[in-house]
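The next block holds one structure in the form of structure tokens; read it before the comments.
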Amino acid sequence: MNLKKKFEEGKSFDQFLASPDADKKLYRLHFERADIRPEDCLDDIVQGKIYVLCLTEAWCGDSLAILPVISRLVGACGLMELRILRRDENLDLMDRYLTKGGRAVPIFIFLDSAFDEIFHFGPRPAPAQEIFEMHRDALKEDKIEKLEVHKKIRRFYSSDRGRAIVSEVRGKLQQVLR
């Protein structure tokens, strides 16, 4: 698969927000609330340009919390660029990044300057995924409503303000680039 071509087909964060189904207000709120610090800039780790390709859909609650953080992080780092593709329009790519057999989004594919994959991140940072996993069996058995689990995950995102996302991405980049 030609990841460079896929990247070039993607939209910028602002172009993605211009789509009619994107909740511009909530995406912007999460963008502004993201706790990105000067020391989070990844330019000290990156050797050359890094391209970040995101697979998502505007209706995804995890994307609503994660995409603005990644967009803000990429914007703070001079050596990174982000493009966004719709999952449902790119199933050939999405099916390479299934989560437990499902098409969970968002998925962020980090590419080097030759557009080769370095690693991928998603659909959630570890603490949010732990909340979901803690309730997986209860969800299957209809002992808890999906909305209740989503509320717990949203509370995590609200209080964390992107710190877990930044930490995981930075840690992965340090691991693969050093």
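Brief remarks on what is shown
- Matching residues in segment 41-74 - criterion: being without any contact (Cβ under 8 Å) to a residue 40 or more places away in the chain and surrounded by fewer than 19 Cβ atoms within 10 Å (Cβ to Cβ): C41, D43, D44, W59
- Flag if K4 is surrounded by fewer than 16 Cβ atoms within 10 Å (Cβ to Cβ), basic (K, R) and in contact with a helix residue (DSSP H, G or I) (Cβ under 6 Å, 6 or more places away or on another chain): no
- Here L173 fulfils each of the conditions (1) under 24 Å from A58 (Cβ atoms); (2) assigned to a helix (DSSP H, G or I); (3) in contact (Cβ under 8 Å) with a residue 40 or more places away in the chain apart from (1).
- Residue pairs meeting the criteria (Cβ under 7 Å; at least 6 apart or on separate chains; first without any contact (Cβ under 8 Å) to a residue 24 or more places away in the chain and among the basic types (K, R), in segment 79-107; second surrounded by 17 or more Cβ atoms within 10 Å (Cβ to Cβ) and part of a strand (DSSP E or B)): none
- Per this entry, M94 is not counted among residues that are aliphatic (A, V, I, L, M), within 20 Å of F13 (Cβ to Cβ) and at pLDDT below 95.
The values are calculated or read from the model by the stated rules, or taken from the named source; none is laboratory data. Model, not experiment: these values are computed from the prediction. In this analysis, Cβ positions are derived from the backbone assuming ideal geometry, glycine residues included, and neighbour counts consider all displayed protein chains.
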